[in-house]
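Undergrad: Please see the structure below; I have some questions.
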Amino acid sequence: MKLRAPYLQAAPLAVILAAFLLLPMIVLVVVSFFDYDSVQIIPSFVLTNYRDVLGSMVTWRTYLSTLRFTAIVWAITLVVGFWVSFYLAFVVQGRVTQLVLFLVCTIPFLTSNIIRMISWVPFLGREGLLNTVLLRLGLIRQPLEFLLFSDFAVVLAYVHLYTLFVVTPIFNTMMRIDRRLIEAAIDGGARFWQIVAHVIIPLCKPGIAIGSIFVVTLVMGDFITVRLMSGGQSASVGLMISNQISLLQYPAACANAVVLLAVVLLMIAAILRIVAIRKEL
Amino acid sequence: MRRPPVTLTLIGRTVLTAFFCLFVLFLYGPTLTIIILSFQGPNGGLTFPMNGVSLHWFARLFEPQAVGDFAGALTRSLLLGSMVMATTVVISIAAGLAFRRRFIGSGALFTLTVASLIIPSILVSLGIGLLFNLAGLDPTWYTSAFGAQLTWTLPFGLLIMFAVFNRFNRAWEEAALDLGASPWQRFRHVVLPIIAPSVVGVALFGFTLSYDEFARTLLTAGSDNTLPLEIFGMTTNVTTPVLYALGTVTTGLSFLVIAAALAAIALIRHAATRSE
């Protein structure tokens, strides 16, 4: 009985993940080799979908655009996330204040992403708050057009939505840093930036890695933010897949999906190669 | 008096405090804007200035023609959220208990759970949609979308349980065992009361993540929309503040659920310290 208990307890999780994750991923791979015409998908084994995906300049350009978004968003969320966590962990005094401020940062994560994206419209639009204020102050003569429905808006929305995913793991690792290490550094005469660079950042590496994995995978696979915030101006791999789905070109979408999955897994493997996070979990 | 952990000048402290305040403003500012704008007068537009103050757009929300099927979508989302919440809580606790010991396949199951979190949502959505298609089943919000959302909520639930059981003192359970408690009694009267605040946390994640889920639901919900799908549909064809009214209502609902969960956690903690 005792030996069976863990298996019984883990079984529901295993069954659900097998049915709704493993099996669907197998289906994706299988269908990516299927053939299709304008009305249906035809079971067979062809490589044309992959040839189309990898042979098309559009794919490469789209990947480049998505990777550019990922790099920019990763850099911004990392810097912002690090200093927000730093403030929470080392500047704020008192457990309760720390917890309350941390909650303030996490609560938006539990509200609707789509509403949070839409909420930038009255702010950034042609007649939005920002343009109105800048016009009144005489800083600009004409409303800035690039604020909404642009790459700028996409990056802004990403940072708005995903910085939380960086703050949480980094804050978590910072809270576990033995304070005596920092005191020792102070006693040894280390200055603020030396402590940050040689004590805090090295000890935060696992948190930084986990946050990076979140941001990279979220941005690489996104289609909804690009669609809503760029107004059809920018491309992303996720959007490309979602367009193929709406055209019912499922095998093509699957081939694209398999390639995206491979790219994302390679990026995660690269991050894990640099930082071992196993012991953090 | 504890020494401040990091030597920071007053200027450094001020800069970081200002930075943090700006960040919070950045997080909440836009949402506040649309909450204010949802109270636009009947002739008001999508941006400032306010053209009077009214509840006009909230009333419009409940008229059948203004938005698609708001009441139906809301009902479905609340039901689905509750289903996902209950399932996530039960499965996460059970799996959390299981992972306290090594068992054959525990490593693989852990990897699969983490993979569930990081595989792009659109792939999960597409995969489940195709799976149902090939199996000849109609995707619905209570079957395929339910499963799709669980692949998103379960990893969060399990990670929270991991954090709890890592700090869990086994001595309590052993004491109960010595006193002759059955496995169920040990769970019900010893483990559950200790992990209760985190269980509320898992429930909160389960409900809100489901209630707001979009990408994994998109290709799995079938013909009846959940609320986020309905909202997304509106973004392309609704150009009145009714959209903001909808945003205010759903965000308000989320805040209500979050507040209830935090209150429950505080209450449980309070009761626990009093009984000691």
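The values are calculated or read from the model by the stated rules, or taken from the named source; none is laboratory data. Since we're looking at a predicted model, the values are computed, not measured. Ideal geometry is used to build each Cβ from the backbone, glycine not excepted, and the neighbour counts take in all protein chains shown. For accessibility, only protein heavy atoms count, side chains too; no ligands or nucleic acids. Shrake-Rupley method; radii C 1.70, N 1.55, O 1.52, S 1.80 Å.
Undergrad: Condition first: within 9 Å of chain B (Cβ to nearest Cβ), in a helix (DSSP H, G or I) and either over 30 Å from B:GLY201 (Cβ atoms) or open to solvent by 10 Å² or more (accessible area, probe 1.4 Å) (or both). Can you find one or more residues in the range A:133-154 that meet it?
TA: Within the range A:133-154, not a single residue is within 9 Å of chain B (Cβ to nearest Cβ), in a helix (DSSP H, G or I) and either over 30 Å from B:GLY201 (Cβ atoms) or open to solvent by 10 Å² or more (accessible area, probe 1.4 Å) (or both).
Undergrad: Is it the case that the range A:37-56 has a residue that's closer than 21 Å to A:LEU248 by Cβ and under 22 Å from the mean Cα position of the chain (by Cα)?
TA: Taking every residue of the range A:37-56 in turn, none turns out to be closer than 21 Å to A:LEU248 by Cβ and under 22 Å from the mean Cα position of the chain (by Cα).
Undergrad: Going through A:LEU265, A:LEU281 one at a time, which residue ends up being modelled with pLDDT under 90 and either over 16 Å from the mean Cα position of the chain (by Cα) or within 10 Å of another protein chain (Cβ to nearest Cβ) (or both)?
TA: Exactly one of A:LEU265, A:LEU281 is modelled with pLDDT under 90 and either over 16 Å from the mean Cα position of the chain (by Cα) or within 10 Å of another protein chain (Cβ to nearest Cβ) (or both), namely A:LEU281.
Undergrad: Mind checking whether some residue in the range A:107-119 is facing chain B (nearest Cβ under 7 Å), open to solvent by 20 Å² or more (accessible area, probe 1.4 Å) and farther than 17 Å from A:VAL154 by Cα?
TA: Scanning the range A:107-119 turns up at least one residue that is facing chain B (nearest Cβ under 7 Å), open to solvent by 20 Å² or more (accessible area, probe 1.4 Å) and farther than 17 Å from A:VAL154 by Cα.
Undergrad: Got a sec? Which of A:ILE200, A:ILE208, A:ILE177 is β-branched (Val, Ile, Thr) and not in a helix (DSSP H, G or I)?
TA: One residue alone meets the criteria, A:ILE177.
Undergrad: Please go through the range B:159-178 and pick out each residue that is among the polar types (S, T, N, Q) and either assigned to a helix (DSSP H, G or I) or outside the structural domain of B:LEU80 (by TED's automatic domain parsing) (or both).
TA: B:ASN166, the sole residue that qualifies.
Undergrad: Further question on the same structure: Restricting to the range B:193-237, name every residue that is facing chain A (nearest Cβ under 10 Å), part of a loop (DSSP other than H, G, I, E, B) and over 22 Å from A:THR106 (Cβ atoms).
TA: Listed by number, the residues that qualify are B:LEU219, B:THR220.
Undergrad: When the residues of the range B:123-158 are narrowed to those that are assigned to a helix (DSSP H, G or I) and free of Cβ contacts under 8 Å to residues at least 40 places away in the same chain, which ends up nearest to the chain's Cα centre (by Cα)?
TA: Filtering first and then ranking leaves B:LEU123.
Undergrad: Would you say B:ALA163 is away from chain A (no Cβ under 13 Å) and either under 30 Å from B:VAL124 (Cβ atoms) or without any contact (Cβ under 8 Å) to a residue 40 or more places away in the chain (or both)?
TA: no
Undergrad: If the requirement is being open to solvent by less than 20 Å² (accessible area, probe 1.4 Å) and either more than 19 Å from the chain's Cα centre (by Cα) or without any contact (Cβ under 8 Å) to a residue 40 or more places away in the chain (or both), which of these qualifies: A:THR225, A:THR163, A:THR173?
TA: Unique residue meeting the criteria: A:THR173.
Undergrad: Confirm whether A:GLY55 is within 14 Å of chain B (Cβ to nearest Cβ) and farther than 30 Å from B:VAL249 by Cβ.
TA: So A:GLY55 does not fit the description; no.
Undergrad: For the range A:204-220, name all the residues that are open to solvent by 10 Å² or more (accessible area, probe 1.4 Å) and under 16 Å from A:TRP83 (Cβ atoms).
TA: Matches in the range A:204-220: A:ILE208 only.
Undergrad: I would also like to ask the following. Collect the residues in the range A:120-130 that are in a loop (DSSP other than H, G, I, E, B) and open to solvent by less than 40 Å² (accessible area, probe 1.4 Å), keeping them in residue-number order. Full working, then the answer.
TA: Filtering the range A:120-130 for residues in a loop (DSSP other than H, G, I, E, B) gives A:120, A:125-128.
Across the range A:120-130, the qualifying residues are A:TRP120, A:GLY125, A:GLY128.
Undergrad: Would it be correct to say that B:PRO183 is at the interface with chain A (Cβ under 10 Å from one of its Cβ atoms) and modelled with pLDDT of 85 or more?
TA: yes
Undergrad: Look at B:ALA181 and say whether it is open to solvent by less than 40 Å² (accessible area, probe 1.4 Å) and not in a helix (DSSP H, G or I).
TA: yes
Undergrad: Only one residue in B:VAL114, B:VAL53, B:VAL84 is more than 30 Å from A:ILE26 (Cα to Cα) and touching a residue at least 12 places away in the same chain (Cβ under 8 Å), so which one is that?
TA: When all the criteria are applied, what remains is B:VAL53.
Undergrad: From A:ILE72, A:ILE26, A:ILE16, which residue is in contact (Cβ under 8 Å) with a residue 24 or more places away in the chain and either more than 26 Å from B:THR111 (Cα to Cα) or out of contact with any Asp or Glu (no Cβ under 7 Å at 6 or more places or on another chain) (or both)? Show your work before the answer.
TA: Numbers: A:ILE26 fails: in contact (Cβ under 8 Å) with a residue 24 or more places away in the chain; A:ILE16 fails: in contact (Cβ under 8 Å) with a residue 24 or more places away in the chain.
The match here is A:ILE72.
Undergrad: Is the range A:240-249 home to any residue that is under 16 Å from the mean Cα position of the chain (by Cα), within 30 Å of A:LEU148 (Cα to Cα) and buried (at least 22 other Cβ atoms within 10 Å of the Cβ)?
TA: no
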